[in-house]
Amino acid sequence: MAADVPLEGVETEMRTNYAVTIALLSGVLATGIGRTVLTAQSEKTVWSGIFTTEQATRGKDKAATACGACHGAALNGGDLAPSLSGADFIGHWYDAKLSELVTKVTTTMPADAPGSLKPDEYADIVAYMLQANGFPAGQETLVVEPVTTLDAVKITKAK
């Protein structure tokens with residue numbers, strides 16, 4: 001025989017369990033949605049205005065002397081090195097972290113004296129490269145040290 005359990009007590013316990021389950025699921029969903037929104041808001045790309053116009057102008061002058069012999073004055077490539085602008089650039093760097101590009105530039109360029117420029121000179125040259133590829137300037141000054149700060153910036157195609 002079944003134990004005598006008041007039906008009212010079972011119904012109340014079921015409603016309480018149901019309410020607790022709904023509350024927990026709501027919390028889990030809200031946390032996930034909150035993280036998605038936070039991630040979307042904090043994600044930066046090269047379209048976020050991550051360098052200044054002044055920086056790109058300085059970079060253009062420095063690139064003419066440090067990069068021009070191999071990559072061309074307009075970064076359109078030459079006999080010795082690939083183009084650093086246009087479809088070649090985007091094709092190679094699309095979906096990469098900006099830190100990867102900066103590491104490549106700062107550790108291997110200029111080819112005849114890798115790592116020989118000052119960090120702000122490398123930052124200016126990268127700013128010019130970004131500008132030459134149509135990415136917009138902003139109010140932020142691009143810095144290349146520490147390079148890990150650029151891990152959160154993605155190189156993407158046009159929006």
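If you check Thr156 against the conditions, is it surrounded by 13 or more Cβ atoms within 10 Å (Cβ to Cβ) and either assigned to a strand (DSSP E or B) or in contact with a strand residue (DSSP E or B) (Cβ under 7 Å, 6 or more places away or on another chain) (or both)? Give the derivation first.
Working: surrounded by 13 or more Cβ atoms within 10 Å (Cβ to Cβ): yes; either assigned to a strand (DSSP E or B) or in contact with a strand residue (DSSP E or B) (Cβ under 7 Å, 6 or more places away or on another chain) (or both): yes.
Yes: the conditions hold for Thr156.
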**OP:** State the number of residues belonging to segment 122-153 that are part of a loop (DSSP other than H, G, I, E, B) and touching a helix residue (DSSP H, G or I) at 6+ places or on another chain (Cβ under 8 Å).
**Re:** 9
**OP:** Would you please list the contacts, defined by Cβ atoms under 8 Å and residues six or more apart or on different chains, that run from a residue in segment 131-157 that is touching a residue at least 24 places away in the same chain (Cβ under 8 Å) to a residue that is among the acidic types (Asp, Glu) and in a loop (DSSP other than H, G, I, E, B)?
**Re:** Ala152/Glu43; Lys154/Glu43; Lys154/Asp95; Ile155/Asp95; Thr156/Asp95
Subject >> Spans of helices (runs of 4 or more DSSP H) in segment 39-113 with at least 1 residues crowded, with 20+ Cβ neighbours inside 10 Å and β-branched (Val, Ile, Thr) >> reply: 98-108
Original post:
Of all residues in segment 72-90, how many are touching a residue at least 40 places away in the same chain (Cβ under 8 Å) and not aliphatic (A, V, I, L, M)?
Top reply: 3
Subject >> The lone exception for Arg35 - which of (1) assigned by TED's automatic domain parsing to the domain that holds Phe135; (2) within 22 Å of the chain's Cα centre (by Cα); (3) modelled with pLDDT under 90; (4) charged (D, E, K, R) it fails >> reply: (1)
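The values are calculated or read from the model by the stated rules, or taken from the named source; none is laboratory data. Computed from a prediction, not measured in an experiment: that's the story for all the values here. Positions of Cβ are backbone-derived with ideal geometry, glycine not excepted, and every protein chain shown enters the neighbour counts.
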